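Chemist: Sending over a structure as structure tokens; questions will come in a sec.
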Amino acid sequence: METGMSQQELKRVEVIALRRSGQIKQTEAARRLGVTVRQVRRLEAKVAARGAAALRSARRGHPSNRRLAAPVVAKVSTLIRAHYRDFGPTLAAEYLHERHGLALSKETVRQIMITAKLWRPHRGSKARLHALRERRPRFGELIQIDGSAHAWFEARGPRCCLLVFIDDATSRLTQLRFVPQECTLGYMHALYGHIQQHGLPMTLYSDRHSIFRVNNGDASDDAMSQFGRALHSLGIESICANSPRPKAAWSAPTACCRTACSALYASRASMASKTPMPGCRTSSNAITRALPSPRLSPRTPTCRIRPATMFGCDRFWPSTIRANSPRA
């Protein structure tokens, strides 16, 4: 039996052997192999001249004709090592295309980074099934909020927390802020910025952090945290997920890492500025955009927000928050 052959080639060896022994006709051999009768005659001639090894693909063991040229691979490796060492393959591929005119797929960039030892391939974990929550149908109906504490600036700055506001219906990032730590005042700043740019949301969806709810077992059922009282005064519903972290319709590590890498590359984000560049949020929104909900009819409004002036927000917020928060 020939070795080093694919299943298709082994099947060809078997069928051509039956044909040469006279057990089947050329038409039957052509039907089994899915080729024409003329091709069957060519295969028979190859086997008669060189044996069964003639049916083995001559391209096996040779480099592909469509492979990248060695200078291009070396240039990509040099650029990634010099400028995008901390980037993942997807983000690195985008920057190579936008800033250097190298249009490569993310898988090609991933293979180059693995060869250059700039990326460690991750073994796929066994998928766990979770009940999916259906998205809200309109922008502004539900905003997911969360904070991610990390050394975003590595050794170039202090450890901080990135606060993220994202719309559930469209996966659109509406607020991104760097704060020293996850606290009530940080969320107040982020919420004020969201209201100034997009209006009052209907609902905020968060985890069960003590910022959003009172976790003291002795507290009454109607007890509210300081942030909860602010939401109640503005007429915003607060939903705290039962799980330790909310089942969001977005990938927090992906969005946060893309934002931090983009901000660090531009060298324009810092703890002093509090807010990452608008371009970071725009880039992430372009990647994570979602299709409209199938529940929407042509007459259903695609936006459900309320103007900030409905509740006199400028009178509600402390002057320190109004002064330090960016306006649209």
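Chemist: Excluding residues on the same chain fewer than 8 positions from Lys75, give the aspartates and glutamates whose Cα lies under 20 Å from its Cα.
Modeler: Leaving aside aspartates and glutamates fewer than 8 places away in the same chain, those within reach of Lys75 are Asp86, Glu94, Glu98, Glu107.
Chemist: Arrange the following residues from fewest to most other Cβ atoms within 10 Å of their Cβ: Val47, Val214.
Modeler: Going from sparsest to densest Cβ surroundings: Val214, Val47.
Chemist: Next question. How far apart, in nanometres, would the label points at Lys46 and Thr184 be if each is projected 7 angstrom from Cα along the Cα-to-Cβ direction?
Modeler: It is 7.8 nm.
Chemist: Using the Cα atoms of region 7-55, I'd like the radius of gyration and the largest Cα-Cα distance, Dmax, both in angstrom.
Modeler: 9.4, 24
Chemist: Mind checking the full-extension length gain between Arg229 and Ala103? Use 0.36 nm per residue of separation minus the Cα-Cα distance, one decimal, nm. Write out the running numbers ahead of the final one.
Modeler: Values: separation 126, 0.36 × 126 = 45.36 nm, distance 5.08 nm.
Gain on extension, Arg229 to Ala103, equals 40.3 nm.
Chemist: Ok, one more. Based on the mean of other beta carbon atoms within 10 Å per residue, what is the order of 190-197, 131-138, 31-38, most packed first?
Modeler: Put in order of decreasing packing, that is 190-197, 131-138, 31-38.
Chemist: With a cut-off of 8 Å between alpha carbons and a minimum separation of six or more residues, what is the relative contact order of region 75-190 in percent?
Modeler: 16
Chemist: Suppose a student asked you for the relative contact order of region 70-115, using Cα pairs under 8 Å spaced at least 6 residues apart; what percent would you report?
Modeler: On the way: 27 pairs, mean separation 17.8, N = 46.
Dividing the mean separation by the residue count of region 70-115 yields 39 percent.
Chemist: Run the simple label-point estimate for Ser220 and Glu237 please: 7 Å along Cα→C-beta, distance reported in nm.
Modeler: About 2.4 nm, to one decimal.
Read-outs throughout are calculated quantities, based only on the coordinates presented, and are distinct from any laboratory measurement. Since the model is a prediction, treat every value here as computed from it, not as a measurement. Heads up, the Cβs are rebuilt from the backbone with ideal geometry, glycines too, and the neighbour counts pull from every protein chain shown.
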